[in-house]
Amino acid sequence: MIKTSLCGLTADEIDELAGSDRRHAIAIANCLYKKKINDIMLIPDIPVKVKKELKEKSFPGIYPPVASKESTDGTIKFLFRNERGQEFETVLLKDKKRTTVCVSSQSGCRMGCPFCVTGQYGFRGNLSIRDILTQVLGIPHSGVVTHVVFMGMGEPFDNPENVMKACNILSAEWGPAISVRNITVSTVGITPAIRSFLEKTDCNITLSLYSPFHDERYLTIPAEKSYPAYEIIDLMKNLQLNKKRRLSVAYIMISNTNDTEKHLEGLKALLRGTAIRINLLPYHRIPGDDKISSSPERLQYFKHELIVSGISASVRKSTGLDVSAACGLLASGLK
Ligand code: SF4
């Protein structure tokens, strides 16, 4: 009999599998997702008979990383390998107020963005819900995680069902109970899946923009051909914002490429009068590319100009560069 991994199941699915009492399913889910038990027989307050039957059909399923590297700035990069041999990386970022896990949704990626090492690595497959959750639950720091961002390897909305279900489990009361305010999915833009995600979850979303101009983005970001960013921005603008959700765009700034005055005006025109926040990011040069990041002063100048135009803007600093854990560099060490 093939056993089912409990990690990846909702409380309802555990209930169905255990076939006993709903309260038992909730207790099992709480124990699994909050205490990260690795032995079903150790779950308290459940009849031994129920545990024995469950053990015959299932196993906890949380697994640890196979390697890790720590940056001088405290950022840690983990390497995971699932039972199908797919490899994927996860990044832990710590600051005074929060501990964030940056998770992967795919092994590799097929979106082909030119500024990203993961795109160069190619596509090795979608990650299961278990693979996604284990990146939060299987690391030594899982007990202190406050935020989860889907900004690791892969395009989350190329694996929408698993990402959506993982978000729902991460935020469930019987799950790790991470607030939906603290879960963010980053996308290069796949409109139908974004629409569905916005309807079915309250989590945050961020669009990786690259250029405010359709023609320019069309030539650089393959996804723009099918799903123009202006449609996604319209979708975000028209969304009735509830207090829980944050909508944002990520803008990687490349010197003399997308950091001109024209681009600044384009960003203002696109975002003015909306509740969409913009995060400005330095570019992390990838192998074989001769482009360089905009200077820190240029990033601050864009931030200032956007803020005085009434647009919420911030500059995100680079972390984990020395272990290739920074944005766009995941999969650097994989073959
Ligand atoms: S930036 Fe994101 S969507 Fe684009 S290739 Fe890299 S991982 Fe894929």
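The values are calculated or read from the model by the stated rules, or taken from the named source; none is laboratory data. Just so you know, these numbers come straight off a predicted model, no measurement behind them. Because the Cβ atoms are built from the backbone with ideal geometry, glycine has one as well, and the counts that use them run over all protein chains shown. With ligands, DNA and RNA removed, areas are computed over all heavy atoms of the protein, side chains included. Shrake-Rupley method; radii C 1.70, N 1.55, O 1.52, S 1.80 Å.
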**Asked** Which condition breaks for E16 when tested against (1) loosely packed, with under 15 Cβ neighbours inside 10 Å; (2) assigned to a loop (DSSP other than H, G, I, E, B)?
**Response** (2)
**Hits in segment 225-235 - residues which are in a helix (DSSP H, G or I) and surrounded by fewer than 22 Cβ atoms within 10 Å (Cβ to Cβ)** = K225, Y230, E231, I233, D234, L235
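Residue-wise test of (1) surrounded by fewer than 20 Cβ atoms within 10 Å (Cβ to Cβ); (2) outside any helix (DSSP H, G or I); (3) away from the ligand (no atom under 13 Å from the Cβ).
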site: P114; (1), (2), (3): yes, yes, no
site: T118; (1), (2), (3): no, no, no
site: R124; (1), (2), (3): no, yes, no
site: T134; (1), (2), (3): no, no, yes
site: P140; (1), (2), (3): yes, yes, yes
site: G143; (1), (2), (3): yes, no, yes
site: G154; (1), (2), (3): no, yes, no
site: C167; (1), (2), (3): no, no, yes
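Among the candidates I194, I205, I183, which residue alone is surrounded by 20 or more Cβ atoms within 10 Å (Cβ to Cβ), within 24 Å of E70 (Cα to Cα), hydrophobic (A, V, I, L, M, F, W, C) and in contact with a strand residue (DSSP E or B) (Cβ under 9 Å, 6 or more places away or on another chain)?
Going through I194, I205, I183 in turn, just one is surrounded by 20 or more Cβ atoms within 10 Å (Cβ to Cβ), within 24 Å of E70 (Cα to Cα), hydrophobic (A, V, I, L, M, F, W, C) and in contact with a strand residue (DSSP E or B) (Cβ under 9 Å, 6 or more places away or on another chain): I183.
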**Prompt:** Quick one: is V101 in a strand (DSSP E or B) and free of Cβ contacts under 8 Å to residues at least 60 places away in the same chain?
**Reply:** yes
**Message:** Checking T90 against (1) touching a residue at least 60 places away in the same chain (Cβ under 8 Å); (2) in contact with a Phe, Trp or Tyr (Cβ under 6 Å, 6 or more places away or on another chain); (3) open to solvent by less than 10 Å² (accessible area, probe 1.4 Å); (4) farther than 15 Å from G320 by Cβ: exactly one of these is not met. Which one?
**Reply:** (4)
**Prompt:** Which one of the conditions (1) within 29 Å of the chain's Cα centre (by Cα); (2) free of Cβ contacts under 8 Å to residues at least 12 places away in the same chain; (3) surrounded by fewer than 15 Cβ atoms within 10 Å (Cβ to Cβ) does D39 fail to meet, given that it meets all the rest?
**Reply:** (2)
**Message:** Can you report the number of residues in segment 169-180 which are buried (at least 20 other Cβ atoms within 10 Å of the Cβ) and hydroxyl-bearing (S, T, Y)?
**Reply:** 1
